[in-house]
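Read through the structure below, which is laid out as structure tokens, and then see the notes.
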Amino acid sequence: MATRRGFLAGLAAAALVPRPTWADVGSPDFLAAAKMPEGDYALVGLTRDGREVFRLPLPDRGHAAAAHPSRAEAVAFARRPGTFAVVIDCQSGEVRARLDAAEGRHFYGHGAYSRDGRLLFTTENDYGANRGMVGVRDATAGYVQIDEFPTMGVGPHEIARMPGTDILVVGNGGIASHPDAGDVDLDIPAMKPNLAYFSEAGSVLEVVELEPGLRRDSIRHLALREDGLVAFAMQWHGDEGEPAPLLGLHRRGEDVRLLSAPGPMQAEMDGYAGSVAFSRDGSRVAISSPPGGQAQVWNADSGEWIGRLRLRDVCGLSAGPDGFTATTGTGLVVGFGGEAVLWDVAHQGAFDNHLVRLAADL
Amino acid sequence: MRLVLALLACCAGPAVAQERAEVIRDVVGNHVLPRYAALDEAAQDLDAAAQADCEPESPALREAYGEAFDAWIAASHLRFGPSEVEDRAYALAFWPDPRGDTPGALRALILEEDPVVGTAEGFAEVSIAARGFYGMEFMLYDEEFAGLGAEGYRCDLIRAQARDIALIAGAMQEEWTGGYADLMLRPGGDRYRSEADVIQEFYDALGAGLEFTADSRLARPMGEFDDPKPARAEARRSGRSLRHVRISLASLHDLAERLMPEGVVHDHLGAAFDRAETLAARLDDPVFAGVSDPTGRFRVEALKGAVDRISAVGNEELGAALGVAAGFNASDGD
């Protein structure tokens with residue numbers, strides 16, 4: 001029987017035992033969620049050359065883990081429109097905390113930590129008011145929610161922290177949703193996506209919209225370069241016969257640059273970009289499309305087209321030793337820089353949408 | 001009942017290795033190889049016709065162009081292996097071209113009288129937007145290009161385009177017969193680890209071909225109801241928009257028949273193809289100009305709906321029957 005004394009002693013012990021760091025769990029470079037052949041789900045730690053350093057069970061189909069900057073701790077979200085997320089100890093596999101969305105909110109499946117790892121920011125839906133929110137939780141105190149602020153848009157998706165700062169950037173997809181409607185897009189004609197920047201305290205710093213003709217180009221996923229260049233990947237909900245750009249580049253205070261593949265190659269993406277990444281040296285930028293079975297690559301500075309890697313069910317994308325590392329729904333981890341697969345490692349299970357990069361200050 | 005049918009369909013399909021091998025032999029031998037051989041032959045004829053007479057209105061040249069383009073459309077869903085080396089498929093067919101890269105690249109060549117058209121090696125380095133059937137269509141059928149720059153240069157450019165098409169078609173034919181067909185017939189290497197991988201390749205080609213016809217050939221000119229875009233119709237200058245839909249449907253139907261030679265799924269697919277092919281045959285709107293009025297638009301939309309229906313049968317029934325599936329990520333977006 002737990003006594004008050006025993007409970008307090010336990011708390012003290014917990015405070016004294018150092019929390020495991022990423023080095024304690026094999027120094028993974030990435031986290032990915034995977035569906036196993038038996039139908040259960042796992043959180044996998046991967047090195048940038050495709051080796052697996054840990055594999056832990058997930059309670060449900062997990063999505064887009066956010067990784068703590070120093071502690072071996074990851075947040076896995078339930079599938080949209082989920083109302084909970086779990087914080088997993090990547091050494092023991094234990095669920096260290098459970099995050100429940102506040103009344104009238106649900107998660108969108110992405111989150112980001114503050115630079116010091118003390119705060120967790122998550123994109124959420126205030127579905128009564130049809131507005132995006134950022135939920136703020138205290139990662140040092142059981143992830144209790146301490147604040148929230150509006151994202152200045154509808155349907156926020158990925159949130160990221162600008163390298164070397166505590167400035168946050170949010171892709172507001174522009175698509176309304178409601179838990180009563182399940183994972184269904186509502187009111188496409190009213191779409192007005194944007195890219196919004198905030199201070200750590202939630203003050204709006206800048207909101208960037210696309211031209212009116214691209215109102216149906218949903219801004220969803222983000223990648224950041226060390227110098228503050230933001231790449232955003234989009235999903236097109238407009239005229240299916242006229243493919244819109246799926247990749248944009250933005251630097252604060254400047255105009256957006258939109259990149260498209262040459263002529264017919266743009267249509268091959270099926271209007272869908274699932275992930276975006278800069279190459280390790282920052283010189284290239286890529287987006288992936290599982291329905292298009294490919295990743296497309298451009299020069300991140302000149303915007304010049306480089307080529308496309310054809311790869312079945314590719315989605316997870318991040319920086320890698322040869323430029324990029326990608327994961328697929330067929331269980332591959334692949335290295336590439338342009339059009340060719342340079343190496344690949346086969347794993348058990350199907351990798352889910354994203355490959356989350358662990359980097360001390362990214 | 002539905003479930004029973006699905007189970008029957010599953011077991012009537014080429015589930016066992018021997019049946020899979022038979023399907024692969026049939027598709028490679030009677031669908032793929034004849035199409036690339038026909039393209040090669042028609043492309044060599046086009047080259048000969050252009051070298052003999054480069055006048056854009058020459059009946060012999062236009063006929064040879066039409067026949068070669070037909071042969072390409074019939075093969076154009078087979079986008080793997082030789083067609084993907086050095087972006088050959090795009091060098092033959094750079095379309096859709098929403099930014100107008102093709103006329104832009106052609107204008108630049110003509111106005112600068114770029115000497116690259118003088119050699120096949122030189123022309124092979126030209127932007128893929130200026131090469132292939134769609135670039136050649138501007139040179140043979142577009143009013144602006146009939147009078148742009150010097151006549152002699154335009155003639156050299158047409159000949160270079162025809163020679164380039166012939167070289168690409170020849171190279172693809174050589175690689176198909178010189179090894180790639182064997183890779184598919186005897187899987188086990190890196191490219192195709194098993195017969196299931198080869199079947200998957202054909203299944204993907206069928207799906208991509210149907211989607212291209214529905215989205216690019218039909219939805220693009222339809223545009224929005226209050227903003228139709230007839231000028232986006234494929235190859236409208238040469239009056240080939242509807243023709244491409246028909247050739248493509250016939251070719252995809254042939255592939256589907258060979259992938260699923262009998263059974264319930266075969267019958268469902270056959271009925272869906274018949275419906276779309278009948279609508280296309282009755283359409284009588286060669287360049288989809290009708291999308292600008294409600295009645296004409298309705299008919300094009302009905303055809304697109306019929307093509308989408310074939311895709312739906314393919315996704316819902318054929319995939320399961322063949323034992324292939326849509327990707328984990330492709331089928332569940334985020």
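Only the coordinates and a few stated rules stand behind these numbers; no lab work does. Worth saying up front: this structure is predicted, and the values here are computed from it rather than measured. Because the Cβ atoms are built from the backbone with ideal geometry, glycine has one as well, and the counts that use them run over all protein chains shown.
Key figures for this structure:
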quantity	calculated
Relative contact order computed over the range B:186-334 (Cα-Cα under 8 Å; 6+ residues apart), in percent	29 percent
R0 of 35 Å, Cβ-Cβ distance residue A:141-residue A:190: FRET efficiency to nearest 0.05	0.35
C-alpha long axis of helix B:241-259 to longest principal axis of chain B, angle in °	30 degrees
For residues of A:234-244, the mean tally of beta carbons on other chains within 10 Å	5
Burial ranking of peptide ranges A:269-276, B:150-157, B:185-192 (average Cβ count within 10 Å, highest at the top)	A:269-276, B:150-157, B:185-192
The range B:2-322: proportion of alpha-carbon pairs further apart than 34 angstrom, %	28 percent
On Cα atoms only, tilt of A:4-16 relative to the major axis of chain A in degrees	50 degrees
Mean ellipticity per residue at 222 nm, deg cm²/dmol - from DSSP H runs of n ≥ 4 across chain B, formula -39500 (n - 2.57)	-19500 deg cm²/dmol
Separation between Cα centres of the range B:270-291 and the range B:20-68, rounded to whole Å	24 Å
Sequence-distant residues sharing a close amide H with residue A:53 (under 5 Å, placed H)	A:45, A:46, A:47
Karplus (6.51, -1.76, 1.60) ³J(HN,Hα), θ = phi - 60°, over the range B:223-234, in Hz, Gly and Pro reported as x	x, 8, 3, 8, 8, x, 10, x, 5, 8, 4, 5
Theoretical FRET efficiency, 1/(1+(r/R0)^6), r = Cβ-Cβ of residue B:278 and residue B:224, R0 22 Å, to 0.05	0.25
For the range A:232-335, diffusion coefficient by Stokes-Einstein and Kirkwood Rh (Cα), 4 °C, 1.567 mPa s, µm²/s	95 µm²/s
For chain A, projected area of the alpha-carbon convex hull averaged over all directions, nm²	18.2 nm²
Rounded tilt (10° steps) of B:294-313 against the dominant C-alpha axis of chain B	50 degrees
Helical mean residue ellipticity (222 nm; -39500 (n - 2.57) per DSSP H run of 4+; nearest 500) of chain A	-1000 deg cm²/dmol
Segments A:177-187, B:123-133, B:273-283 sorted - mean Cβ within 10 Å per residue, highest first	B:123-133, B:273-283, A:177-187
Placed amide H near residue A:21: partners under 5 Å, 5+ positions off or other chain	A:72
Inter-chain shielding of B:87-95 (mean C-beta neighbours from other protein chains, 10 Å cut-off)	2
Between the range A:248-306 and the range A:51-130, the alpha-carbon center distance in angstrom	27 Å
Interatomic Cα distance distribution for the protein assembly as shown, bins of 20 angstrom, percent	17, 47, 30, 6, 1, 0
GNM top mover of A:336, A:107, A:278 - chain A, alpha-carbon springs below 10 Å	A:336
